[in-house]
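J.: Let me give you the structure first, and then I'll get to my questions.
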Amino acid sequence: MDDEIASQIETSERTLIKDSVLGFDPTMLAVLDDVEIAQDEIENLKSRLGPDLFLYLFKIANSAYHGSFKVGPIKHFFDVVNRIGMQHTKALIIQFASHRLAQGDYEAEIIFAKNFAASVVGRIMARGLGFRDDGHERWNSPASFRVSAP
């Protein structure tokens, strides 16, 4: 890659971050990859989120699907990441940014909707086949998965 292309990419990235097109600072995704991250470091990530994305993540973490009735409402960003999970938080951030970029473009919204639906169906199928959310099998026995002939 030559210097001119690298410069154009860097300028585009700065514009996206400065104008809050994405709704977050992309460097925070790398921070969420660290499994040894401290609680205060996760809490400090909220300053890198735009207000729309911040509220979006809080609403999801406080939803009944993630157990807000049992545990109670969330008050800190660390609790959001803890309840949803680091990988799912990253996925939701990327989903939010993708949707934000696609707004107003009908064809892009159709592609986004199809990809999101495919990911939901894939997750349901993986659970049905005995895979956990982290990608590992629930049991190691090859006899637990049988394919019958038609």
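The values are calculated or read from the model by the stated rules, or taken from the named source; none is laboratory data. Remember, predicted model here, so these are calculated numbers, not experimental data. Note that we place each Cβ from the backbone using ideal geometry, even for glycine, and neighbour counts take in every protein chain shown.
J.: Only residues in region 19-36 that are under 13 Å from residue 89 (Cβ atoms) count as the first member; pair them with residues that are of a type in the set (Gly, Ala, Ser) and at pLDDT 70 or above, Cβ under 9 angstrom, at least 6 apart or cross-chain, and list the lot.
T.: Cβ pairs passing all conditions: 24/50; 24/97.
J.: Here's a check for you: in region 73-90, which residue that is surrounded by fewer than 14 Cβ atoms within 10 Å (Cβ to Cβ) and free of Cβ contacts under 8 Å to residues at least 40 places away in the same chain is nearest to residue 27 (Cα to Cα)? Before you say what the answer is, go through the steps one by one.
T.: At the first step, the residues of region 73-90 found to be surrounded by fewer than 14 Cβ atoms within 10 Å (Cβ to Cβ) are 73, 75-76, 87.
Cutting the leftovers down to free of Cβ contacts under 8 Å to residues at least 40 places away in the same chain gives us 73, 75-76.
Details: 73: 28, 75: 24, 76: 20 Å.
Ranking the qualifying residues of region 73-90, first place goes to 76.
J.: Looking at this structure, is residue 24 modelled with pLDDT under 85, among the hydrophobic types (A, V, I, L, M, F, W, C) and more than 14 Å from the chain's Cα centre (by Cα)?
T.: No.
J.: Hey, among 116, 112, 58, which residue is in contact with a His (Cβ under 7 Å, 6 or more places away or on another chain) and of a type outside the set (Val, Ile, Thr)?
T.: From the options 116, 112, 58, the qualifying one is 112.
Conditions (1) closer than 25 Å to residue 24 by Cβ; (2) surrounded by 15 or more Cβ atoms within 10 Å (Cβ to Cβ); (3) at pLDDT 85 or above, marked per residue:
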residue	(1), (2), (3)
60	yes, yes, yes
93	yes, yes, yes
109	yes, no, no
127	no, no, no
133	yes, no, no
